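The values are calculated or read from the model by the stated rules, or taken from the named source; none is laboratory data. This structure is a prediction, so every number in the text was calculated from the model and none was measured. All Cβ positions, glycine included, derive from the backbone under ideal geometry; neighbour counts span all protein chains shown.
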Amino acid sequence: MTGPTYGGRGPRVLPWLLALVVVAAGLAATANVRGLGELLGRTDWARVVPALLLTGASYVFISAGLVSLGRAVGVSAPRWPMLRIAFVSVAVNQLISFGGVAGYSLRAVLARRYGVATGDTLAMSLVHSYLNNLAMFGLLAAGIFHLIRDPATDEAWRRTLEAGGLVVVGFFAVSSMAMFSTRLRALLVHGGIALAGALLPARWTAPLARELGDLDAALGRTSSALRRDPAAAWWPCVFLVLDWAAALGVLWFCLDAVGEPVALGVLVGGFSVAVVAGFASLLPGGLGVQDGSLAAVLAVQGVPLEVAVLGSLLFRLVYYLVPFLATLPVYASFLRRRAAAVDTV
């Protein structure tokens, strides 16, 4: 799957993308100003250090998984530059994700200078996002199962969770099968387009149809590559599991830093529901929705509300804002190298 190179648009697009993500990051930080004073006074900063280290590990795992998946499906590019590009774009996407648009766009623009076609970058990104979402819903199923078994869960709420759990398991199973079934993917794509045509304005249907078509093509390309070499799926899956495990570790240390270490089941229950709620909200980075959901589910499971709120806020700062700020020098180095390359022409 190849794509257009768009000539020389990259030099003009990059500064605008940087401006966009900086503004969005500022808005995200501003939204968290309330409670920062109390957070600073309550936090055990010695516990924040391992949270920061695990955050770095999580982002490295995401980036390595993305690059290894790209190589598995035939995207040929220098490994170290692509790893840095993945790291920067993931940091942007985690903070201000809106359907992956910001991270995908930045990744495509930066990778183009290393000869990676836009279509190849899109295929790699879409498949990685698909697998990541599968892992997210698998984690959600585990979180719902824990909440159902929790004696503190209200009976009516338990029945709702049981119904939701069946939907999640069904979605996970169908999505997993669609990865390798051309016929099932075609059925889902055509059904999705038909449903969108019936429910949405016509001007929205065409872009959605293109997105679904791109995803179908990317998954078809990946499934063909994995049929030829099944072992190629090993490292992307390993990095995916390590990423989610590291993210859970970050949340555990953030809660511990404000005074309340929690059990693994409670952690998985709160984290899984919050991540899916933030994803479904369609707000940049799930801002507000993810944090509120995380605090609410933790509180329902017995974590003091104040601790749950402060821990959620600390997690937002450590896991989302700090990596974004840390990657700005890396992004600047890309700009300097590009400027040097232009000067030598």
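Quick look at the values:
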read-out	value
Neighbours by Cβ (under 7 Å, 6+ apart or cross-chain): first from segment 225-240, under 10 Å from Ala72 (Cα atoms) and without any contact (Cβ under 8 Å) to a residue 60 or more places away in the chain; second acidic (Asp, Glu) and loosely packed, with under 14 Cβ neighbours inside 10 Å	none
Failed criterion for Leu126 (all others in (1) more than 22 Å from Val275 (Cβ to Cβ); (2) in a helix (DSSP H, G or I); (3) at pLDDT below 80 hold)	(1)
Number of the exception - Thr118 against (1) of a type outside the set (Asp, Glu); (2) crowded, with 19+ Cβ neighbours inside 10 Å; (3) at pLDDT below 80; (4) closer than 27 Å to Leu314 by Cα	(4)
Residues of segment 49-72 that turn out to be more than 28 Å from Leu219 (Cβ to Cβ) and crowded, with 20+ Cβ neighbours inside 10 Å, as a count	3
